[in-house]
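To start, the structure under review is shown below, and the notes come after it.
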Amino acid sequence: MKLAMIGFGQAGGKIVDRFLDYDDRTNSGIVRAAIAVNTAKADLMGLENIPQENRVLIGQARVKGHGVGADNELGAEVAEEDIDEVQNAIDSIPTHEVDAFLIVAGMGGGSGSGGAPVLAKHLKRIYTIPVYGLGVLPGTDEGGIYTLNAARSFQTFVREVDNLLVFDNDSWRQTGESVEGGYEKINEEIVRRFGVLFGAGEVGGGQEVAESVVDSSEIINTLSGGGVSTVGFASEEVELNTNGGLLSRFTNKDGGADDGLDAANTTNRITSLVRKAALGRLTLPCEIEGTERALLVLSGPTEYLNRKGIERGRKWLEEETGSMEVRGGDYPRNVPEVSAVILLAGVTDVPRIKRLQQVAIEAQDNIEDIQQQSEENLESLVDDGEDELEPLF
């Protein structure tokens with residue numbers, strides 16, 4: 001799948017920058033064009049892979065390149081005012097070669113959470129190709145203002161895109177981890193999962209063609225209908241022998257191995273991998289029952305990807321989700337692992353989102369109370385209630 005990726009804000013820019021690095025390392029060719037948009041000059045300067053001419057600084061008249069300070073209303077205003085500057089960068093993208101736009105943004109800050117929905121609305125008005133969002137939710141320990149931003153941004157973003165893929169930081173941050181180290185790992189996880197998903201179906205010179213092809217139309221059809229999506233992932237290593245060939249076995253976590261590469265063995269392994277991907281850590285934790293549409297992609301060396309295993313995995317996914325729209329296929333790659341990626345589209349039983357909305361409403365009420373209290377305190381400070389002074393104006 002060929003994507004035009006636009007990273008909006010600090011988190012969005014970093015993730016798109018990492019996608020370019022992944023593309024280079026794996027030769028997957030997912031990113032047809034990459035743009036970073038921000039109100040903070042320093043964030044744009046910190047990027048490594050996005051070309052300088054594709055780094056767009058907006059809001060200079062309002063915030064002088066210093067960012068919007070986690071004010072996503074200001075972020076939205078600035079994006080609307082300077083949308084032509086963003087469009088100028090998009091004009092250089094050969095959109096006839098692109099399958100979809102993907103707008104990536106952290107939803108807790110100001111620039112991305114405010115600007116991404118504005119850009120999505122603009123792109124959908126102009127282009128006929130799908131416009132998807134990849135929104136990253138802040139951790140609950142990041143503070144009330146970020147939770148409030150995320151709730152308001154989520155509510156707006158999901159209505160403006162053709163589908164909103166969500167990654168929840170809360171499920172991935174580890175205790176005692178440094179902030180920078182934590183986000184590095186999170187960004188790598190985002191890129192790994194979505195890289196395998198969007199890379200499916202691409203065949204380069206000398207590569208083997210999939211037995212059951214998953215191409216961009218399969219992904220687009222799975223994401224059609226809007227709503228919220230989450231991605232599951234599981235992988236198992238395959239050992240390489242000294243001659244560079246693949247040993248006929250999957251390695252176990254305890255270091256042992258299952259000798260023999262018979263059909264029954266690979267079928268069972270694939271089914272197990274599919275279950276791990278669906279029932280393990282999703283990018284957005286949710287109950288998978290009631291999922292509207294799903295897509296299963298098995299990736300790895302050809303000899304491990306048999307049709308029967310993929311079909312059995314797809315059937316199991318159908319039963320678990322209750323969906324009649326479950327697509328599946330394989331993506332042959334010469335890498336020392338077999339992985340299962342599952343895209344669950346149109347999920348509705350998401351406790352994290354419900355909790356986010358509740359916390360945001362509480363935070364909004366608290367902010368209003370604090371502002372009112374602040375005004376009353378100031379009044380009592382400057383007015384002693386006896387002899388009033390006249391103000392200058």
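For D170, D330, what's the largest-to-smallest order of accessible area, 1.4 Å probe?
D170, D330
Just how much of V161 is accessible, in Å², when a 1.4 Å probe is used and the result is rounded to the nearest 10?
10
Heavy-atom accessible area per residue, region 267-327, 1.4 Å probe: how many Å²?
43
Determine the order of T348, T302, T291 by accessible area, beginning with the largest, at a probe radius of 1.4 Å.
T348, T302, T291
Round to a whole number: what % of the accessible area of region 258-315 belongs to carbon and sulfur, probe 1.4 Å?
48
Probe radius 1.4 Å, ligands and nucleic acids left out: which of K308, K276 has the largest accessible area, and how do the rest follow?
Final ranking, largest accessible area leading: K308, K276.
Which semi-axes, in whole Å and largest first, does the equivalent ellipsoid of region 29-68 have when worked out from the alpha carbon gyration tensor as the square roots of 5 times its eigenvalues?
They are 22, 10, 7 Å, listed from largest to smallest.
Using a 1.4 Å probe, how large is the accessible area of V359, given in Å² and rounded to the nearest 10?
Estimated to the nearest 10 Å², V359 gives 60 Å².
So what does S323 come to for accessible area, using a 1.4 Å probe and Å² rounded to 10?
Counting only protein heavy atoms, the figure is 0 Å².
Calculate what fraction, in whole %, of the accessible area of region 32-154 sits on carbon and sulfur atoms when a 1.4 Å probe is rolled over the protein chains.
47
What does the accessible area per residue of region 55-201 come to in Å², with a 1.4 Å probe and no ligands, DNA or RNA counted?
Solvent-accessible surface per residue comes out at 39 Å².
Using a/c under 1.5 as the rounded threshold, could you call region 55-140 rounded, prolate or oblate? The axes a ≥ b ≥ c are square roots of the C-alpha gyration tensor eigenvalues, and prolate needs a/b larger than b/c, oblate otherwise.
Oblate, because a/c is 1.5 or more while a/b does not exceed b/c.
Given K64/K185; K2/K121; K2/K185; K276/K308, which pairs have Cα atoms separated by over 27 Å?
The pairs that break the limit, which is 27 Å between Cα atoms, are K64/K185.
The values are calculated or read from the model by the stated rules, or taken from the named source; none is laboratory data. As the structure is a computational prediction, the values presented were derived from the model and not from experiment. Ligands, DNA and RNA are excluded from the accessible area calculation, which covers all protein heavy atoms including side chains. Shrake-Rupley method; radii C 1.70, N 1.55, O 1.52, S 1.80 Å.
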